[in-house]
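Here is the structure we will look at.
The values are calculated or read from the model by the stated rules, or taken from the named source; none is laboratory data. All values derive from a computational prediction rather than experimental measurement. Glycine gets a Cβ as well: all are built from the backbone with ideal geometry, and neighbour counts include every protein chain shown. Remember, those area values only see protein heavy atoms, side chains included, never the ligands or the DNA or RNA. Shrake-Rupley method; radii C 1.70, N 1.55, O 1.52, S 1.80 Å.
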Amino acid sequence: MVIFDIDPSRYDAQLEAKRERIERQFARFSPPPLEVFASLPSHYRMRAEFRVWHEGDDLYYAMFEPDPEAPRHRGRVAQRVVRVDRFPVASERINELMPQLLDAIRDEPLMRRKLFQVEFLTTLSGEALVTMIYHKALNDDWEARARELQAQLGVSLIGRSRKQRLVLDRDHVWERLEVDGRELCYQQVENSFTQPNAQICRSMLHWARDVTSDSQGDLVELYCGNGNFTVALAENFRRVVATEISRTSVASAQANLEANGIDNVHVARMSAEEFAQALTGEKQGRRVAAMQLDECEFSTVLVDPPRAGLDAESCTPLMRYPRIVYISCNPDTLAVNLEQLSQTHRVVRMALFDQFPWTDHCECGVLLERLPAA
């Protein structure tokens, strides 16, 4: 059985449906014409994870889908196992590695016993990181065989089990994206967030660079992650202060800034709420002092929040900036936030990025500029 048995000939129709949905949903904000960035119709996901199903001597990848015909358990819809032999939405490299890995370990009890999940992380250039997750401790014999398997497959391999993480070579890949004639390098670490659709990520970076190309002053970026936007936008501003709460993401952001030769960015490990307090002087300390906020003249704020969007209290500090670049992975929470932000700003650019074709998911970008004083 094949999950996501997609028909590329229907791609334009599904994208048009998303465009119409976003235009209807945001019409009340009177945006300019929607800019639409299409994805590849297949092989666009650079990462994927699968459960590993053991059925006698057989071994295969599995996903789960709702089974409305099965009895509910504690009010929940039951799930049924779906065998996945190929995954057309994933990169060609992932589809190449999927059978190679299982064929290599199917007859080896050492490698297959209690293996319950495999995760793939790949790049446009073909780099691959494979994580094998077990319900057993991994010993020296496993590591020796895993090193052979790593060389056989041409990947970096990591073994995981409870309270154990065995990195054989490295725990990351390097994605290289050409954006506006420049190659940007990104360290992407295993088990941390990265943009899954690399081609759409390029489109998002191009759009964000374009809408800030005439910038003056400094940029503050909230939820900067591994510096995805930070790296691309740094040259559009005199100085950038970026904040992120995840220690792993902050370390990746700093590595990415160094790899791209960027020296006008300061990344602080703090939440958006803490940063708002630092701006008003409510929060002090070593991390706040290192940001040198008194030397900044912030003209633009970029925010890329989680699906829950921003609450009203977190939205309020954004309204002090002349320009807001809002990247959203949830149009519903974006619309709620725009109700508040439109009190002081107007939408001057809006984009739809088809990050996840064949799903209802829409990624949006909005540029807001402050309304003239009454």
Point to revise | Net dipole in debye of segment 231-374 [+1 Lys, Arg Cβ; -1 Asp, Glu Cβ; about Cα centre; nearest 20] | key: 300 debye
**Study point:** FRET efficiency for Glu258 and Arg83, using Cβ-Cβ distance with R0 set to 30 Å, rounded to 0.05
**Key:** 0.10
Study note, to complete from the structure: In this structure, the FRET efficiency calculated for Asp12 and Val167 from their beta-carbon separation, with R0 = 56 Å, to the nearest 0.05, is 0.85
Exercise for review: Mind running the shape call on segment 26-162? Use the C-alpha gyration tensor, a ≥ b ≥ c as the square roots of the eigenvalues: rounded below 1.5 for a/c, prolate if a/b tops b/c, oblate otherwise.
Suggested key: oblate
Revision key, fill the gap. Measuring from its Cα centre, segment 134-248 shows a charge dipole (+1 at each Lys and Arg Cβ, -1 at each Asp and Glu Cβ) which, in debye to the nearest 20, is 480 debye
Check your understanding: Dipole of the chain, Cα-centred, from +1 at each Lys and Arg C-beta and -1 at each Asp and Glu C-beta, to the nearest 20 debye?
Key -> 860 debye
Study note, to complete from the structure: Note on segment 213-255: C-alpha Rg/Rh, Kirkwood Rh, two decimals, gives 0.99
Review point. Per residue, what accessible area does segment 64-197 have, given a 1.4 Å probe and all protein chains present, in Å²?
Key: 51 Å²
Revision key, fill the gap. If each part is reduced to its alpha-carbon centroid, segment 1-59 and segment 180-220 end up apart, in Å, by 20 Å
Point to revise | Shape of segment 187-317, Cα gyration tensor, a/c cut at 1.5 | key: rounded
Check your understanding: For the modelled label position 7 Å from the Cα of Glu235 along Cα-to-Cβ, which residues of segment 161-191 have backbone nitrogen atoms closer than 11 Å?
Key -> 179-184
Exercise for review: Determine the share of segment 74-177's accessible area contributed by carbon and sulfur atoms, expressed in whole percent, with a 1.4 angstrom probe.
Suggested key: 44 percent
Check your understanding: For segment 1-68, what % of the accessible area comes from carbon and sulfur atoms, probe 1.4 Å?
Key -> 53 percent
Point to revise | Added length on full extension, which subtracts the Cα-Cα distance from 0.36 nm per residue, Phe29 to Ser342 | key: 111.9 nm
Review point. Which residue, Leu205, Leu153, Leu302, tops the fluctuation ranking in a GNM of the chain built on C-alpha contacts under 10 Å?
Key: Leu153
Exercise for review: Would you please calculate the Kirkwood hydrodynamic radius of the chain over all C-alpha pairs and express it in Å, rounded to one decimal?
Suggested key: 22.7 Å
Review point. What residue among Arg162, Arg106, Arg147 shows peak mean-square fluctuation when the chain is described by a Gaussian network model with Cα springs under 10 Å?
Key: Arg162
Revision key, fill the gap. Cα extents of segment 270-374 along the principal axes, largest first, in whole Å, come to 47, 35, 21
Point to revise | With every protein chain in place, segment 227-374: carbon and sulfur % of accessible area (1.4 Å) | key: 48 percent
Check your understanding: What does the accessible area per residue of segment 252-300 come to in Å², with a 1.4 Å probe and no ligands, DNA or RNA counted?
Key -> 54 Å²
Revision key, fill the gap. Counting sequence-distant residues (5 or more places) and residues on other chains, those with an amide H built under 5 Å from that of Glu221 are Val241, Ala242, Thr243, Leu302
Check your understanding: Which of Val303, Phe229, Pro196 sits farthest toward the positive end of the charge dipole of the chain, with +1 on the Cβ of Lys and Arg and -1 on the Cβ of Asp and Glu?
Key -> Val303
Study note, to complete from the structure: A student applying the Cα gyration tensor rule (rounded when a/c is under 1.5; otherwise prolate if a/b is larger than b/c, oblate if not) would label segment 92-248 prolate
